[in-house]
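Undergrad: Pasting a structure here, questions to come.
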Amino acid sequence: MPEPVNDSPIHVAKGVRETVNQDGAVLLDIEQGLCFSLNPVGTKIWEMIKAGRSVNEIADSLEEEFHLPRSQFLQDIADFLRQLQEMKLVREKSEVPEKPGSFSRFLGRRRSAHS
């Protein structure tokens, strides 16, 4: 029986950039100065993560495309996400600090010319 899946929303880390081609993708973490490569299936999963899809939605999509058991995809996706988190390329939304940026503070201080 597969492990329960944590279906928390995933967020791509701020400093990650990618280049995608038919062979997969190359991820560059500009904050760590590291490069990572993904095969075509890893790239499909990466694109779905960026689109805000949940683990269950990703598994549904892969099951439909490849016609393999969903339980296998769930485990593979969980393993892949764990590796991405260990490499600091993604994090769960709950791990992202929620502090307002400078721009949002300026918006709260705007005054009308008629005041």
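Undergrad: How many residues does segment 84-95 hold that are surrounded by 15 or more Cβ atoms within 10 Å (Cβ to Cβ), in a helix (DSSP H, G or I) and of a type outside the set (A, V, I, L, M)?
TA: Within segment 84-95, residues that are surrounded by 15 or more Cβ atoms within 10 Å (Cβ to Cβ), in a helix (DSSP H, G or I) and of a type outside the set (A, V, I, L, M) number 1.
Undergrad: Identify, by number, the condition in (1) of a type in the set (D, E, K, R); (2) more than 14 Å from the chain's Cα centre (by Cα); (3) modelled with pLDDT under 65 that K93 doesn't meet.
TA: The failed condition is (2).
Undergrad: With the requirement that a residue be more than 21 Å from F66 (Cβ to Cβ), of a type outside the set (G, A, S) and assigned to a loop (DSSP other than H, G, I, E, B), what does segment 21-46 give you?
TA: I30, E31, Q32 - these are the residues of segment 21-46 that are more than 21 Å from F66 (Cβ to Cβ), of a type outside the set (G, A, S) and assigned to a loop (DSSP other than H, G, I, E, B).
Undergrad: Could you please give the count of residues in segment 46-83 that are buried (at least 16 other Cβ atoms within 10 Å of the Cβ) and without any contact (Cβ under 8 Å) to a residue 12 or more places away in the chain?
TA: Result for segment 46-83: 3.
The values are calculated or read from the model by the stated rules, or taken from the named source; none is laboratory data. Not measured: the values here are computed from a predicted model. Positions of Cβ are backbone-derived with ideal geometry, glycine not excepted, and every protein chain shown enters the neighbour counts.
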